[in-house]
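Worksheet: one structure, shown below.
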Amino acid sequence: VAPWAVVLHEGRWHLYAWDREVGATRTFLLSRIVGDVTVVPGSTFDAPEPGMAEQALAELDALWQAQVAELEVEAGSDAAVRLTRRRGATADGSGYRLHYTDAEIVADELAAFGPEVRVVSPEALAEGVRTRLERVASAHAEEGT
């Protein structure tokens with residue numbers, strides 16, 4: 001990739017870059033880059049146009065705005081307190097709307113609340129939370145045998 005900007009969005013660092021293999025811009029969550037970065041000998045790239053960091057943030061904000069989870073949250077719970085503090089979160093009784101950028105990260109966060117939260121939609125997010133909770137239950141069942 002040709003790196004164009006590193007930006008902080010929703011408390012996480014992202015690399016905005018031109019992906020030569022795909023032929024398009026891509027945004028990478030830095031915490032997911034776990035291997036060594038390899039410089040390709042003799043490769044170069046043009047300096048990015050001005051405003052790439054702003055462009056990256058605008059794209060991440062548009063993604064955040066477009067992705068909304070519908071939740072049922074137990075009143076008075078830790079989840080209710082924490083989720084209402086998130087930017088853009090709204091609550092109506094036990095129904096919550098939560099914007100998010102990364103489905104994997106929000107699934108991890110919601111699963112950590114256990115029975116205090118149920119994802120109503122989107123189904124892919126609900127399935128992600130269920131999968132995480134099933135893994136935890138399975139791991140504890142195996143420990144007991």
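A few notes on this one:
- Residue within region 121-139 that is part of a strand (DSSP E or B) and of a type in the set (D, E) present: no
- Residues (more than 17 Å from the chain's Cα centre (by Cα) and not hydroxyl-bearing (S, T, Y)) located in region 6-33: A17, W18, D19, R20, E21, V22, G23, A24
- Tabulated pairs, region 1-24, first closer than 12 Å to D46 by Cα, second of a type in the set (V, I, T), C-beta under 6 angstrom, 6+ apart or interchain: A17/V1; W18/T25
- Test result for E123, more than 19 Å from G11 (Cα to Cα), without any contact (Cβ under 8 Å) to a residue 24 or more places away in the chain and open to solvent by 60 Å² or more (accessible area, probe 1.4 Å): yes
- Hits in region 100-120 (condition: open to solvent by 40 Å² or more (accessible area, probe 1.4 Å) and either assigned to a helix (DSSP H, G or I) or at pLDDT below 95 (or both)): A103, E104, D108, E109, P115, E116
- For region 2-47, the set of residues classified as over 24 Å from E109 (Cβ atoms) and in a strand (DSSP E or B) consists of A2, P3, W4, A5, A17, W18, D19, A24, T25, listed by residue number.
- For region 74-84, the count of residues that are in contact (Cβ under 8 Å) with a residue 24 or more places away in the chain, hydroxyl-bearing (S, T, Y) and under 21 Å from I105 (Cβ atoms) is nonzero.
The values are calculated or read from the model by the stated rules, or taken from the named source; none is laboratory data. Since this is a predicted model, take the numbers as computed values, not measurements. Positions of Cβ are generated from backbone atoms using ideal geometry, with glycine treated the same way; all protein chains shown enter the neighbour counts. To get the accessible areas, we keep the full protein, side chains included, count just its heavy atoms, and leave off ligands, DNA and RNA. Shrake-Rupley method; radii C 1.70, N 1.55, O 1.52, S 1.80 Å.
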